[in-house]
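The values are calculated or read from the model by the stated rules, or taken from the named source; none is laboratory data. Since the model is a prediction, treat every value here as computed from it, not as a measurement. Heads up, the Cβs are rebuilt from the backbone with ideal geometry, glycines too, and the neighbour counts pull from every protein chain shown.
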Amino acid sequence: MKKATLLLIEGRHAEIPSFASDLQKKGFDVVSAQNGSEAVSRLKQTNPSLVIVNAPSLRSTGIRICLSLRKKDSKIPIILIVEKEKSIDKDLVDSILVLPFTVQKLVNRTKALMPGDGNNILSVGPIRLDIENRRVRALGKNAKLTPRLITLLKILMDKHGEVVEREALFKKAWETNYTGDTRTLDVHISWLRRAIELDPDNPKFLKTIRGVGYRLDV
């Protein structure tokens, strides 16, 4: 099996841990860069699956590097390592890790953001559903879904922009002709909103069409 390639951007800073050798030990192919311009050229040469920016080791916020990487590749997952919790544009990075943390936490976060093999990936607008790994990514959020939630989201994504009637949605997702009680559907829709919406109470994507059903707007 081919190793996943990671682009790790970190400087040499005695007080800040380096993650290169630990990530290699965990089975990743690690390509290193020590500054923004080197990172951009490495991105073009190696086509990595994911980028990790170790900002404290570079003595920077990492924002400018993330911006230049985003300009080159708008879809690549980026993990930004920082020393203090900070508010960063969710379109800029997919995940933020605050030092200190274990290598295993970095590995878990990396695996969660890794693209699948493409066979079972469904993308509509900013929503990316990895059916095989049962994960969804949207606006920097990343969530694990139950098989039922995967089925529901897949139906809505396949028919995005169209209203899907409650009963039809319930029948398909629950594989039943009984539609006497569809309240469980509302519960599942609220769980889906928690997974894909920045503000689940004011959904931007998954809209309720009163008296009819639901529509996924992207």
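Considering the range 130-161 alone, what residues qualify as being among the aliphatic types (A, V, I, L, M) and part of a helix (DSSP H, G or I)? Don't jump to the end; show me each part of the working.
From the range 130-161, those among the aliphatic types (A, V, I, L, M) are 131, 136, 138-139, 143, 145, 149-150, 152-153, 155-157; that's our starting set.
149, 150, 152, 153, 155, 156, 157 - these are the residues of the range 130-161 that are among the aliphatic types (A, V, I, L, M) and part of a helix (DSSP H, G or I).
For residue 164, all conditions in the list (1) assigned to a loop (DSSP other than H, G, I, E, B); (2) on the phi < 0 side of the Ramachandran plot; (3) not charged (D, E, K, R) hold save one; what is the number of the exception?
Result: residue 164 passes all but (1).
Looking at residue 132, is it farther than 13 Å from residue 214 by Cβ, charged (D, E, K, R) and touching a Gly at 6+ places or on another chain (Cβ under 9 Å)?
Details: farther than 13 Å from residue 214 by Cβ: yes; charged (D, E, K, R): yes; touching a Gly at 6+ places or on another chain (Cβ under 9 Å): yes.
Judged against the criteria, residue 132 is a match.
Evaluate the range 21-32: report whether one residue or more is of a type in the set (Val, Ile, Thr), at pLDDT below 90 and buried (at least 18 other Cβ atoms within 10 Å of the Cβ). Quick ask: steps written out before the conclusion?
Pass one, the range 21-32, residues of a type in the set (Val, Ile, Thr): 30-31.
Now narrow it down to the ones that are at pLDDT below 90: none.
No, every residue in the range 21-32 fails to be of a type in the set (Val, Ile, Thr), at pLDDT below 90 and buried (at least 18 other Cβ atoms within 10 Å of the Cβ).
Please go through the range 159-204 and pick out each residue that is in contact with an Asp or Glu (Cβ under 6 Å, 6 or more places away or on another chain) and either surrounded by 17 or more Cβ atoms within 10 Å (Cβ to Cβ) or of a type in the set (A, V, I, L, M, F, W, C) (or both).
The one that is in contact with an Asp or Glu (Cβ under 6 Å, 6 or more places away or on another chain) and either surrounded by 17 or more Cβ atoms within 10 Å (Cβ to Cβ) or of a type in the set (A, V, I, L, M, F, W, C) (or both): 203.
Which one of 78, 63 is touching a residue at least 24 places away in the same chain (Cβ under 8 Å) and in contact with a Cys (Cβ under 6 Å, 6 or more places away or on another chain)? Even if it seems obvious, please write down each step before you answer.
Working: 63 fails: in contact with a Cys (Cβ under 6 Å, 6 or more places away or on another chain).
On inspection, the qualifying residue turns out to be 78.
When only residues in the range 106-131 that are in contact with a strand residue (DSSP E or B) (Cβ under 7 Å, 6 or more places away or on another chain) and modelled with pLDDT of 85 or more count, which is surrounded by the most Cβ atoms within 10 Å (Cβ to Cβ)?
129
Here are some conditions: (1) free of Cβ contacts under 8 Å to residues at least 40 places away in the same chain; (2) under 14 Å from the mean Cα position of the chain (by Cα). Residue 125 meets all but one. Which one does it not meet?
Among (1) free of Cβ contacts under 8 Å to residues at least 40 places away in the same chain; (2) under 14 Å from the mean Cα position of the chain (by Cα), the lone unmet condition for residue 125 is (1).
Pick from 87, 57, 68, 74: which is modelled with pLDDT of 90 or more and within 25 Å of residue 128 (Cβ to Cβ)? Outline the logic, then answer.
Numbers: 87 fails: modelled with pLDDT of 90 or more; 57 fails: within 25 Å of residue 128 (Cβ to Cβ); 74 fails: modelled with pLDDT of 90 or more.
Just a single option satisfies the conditions, and that option is 68.
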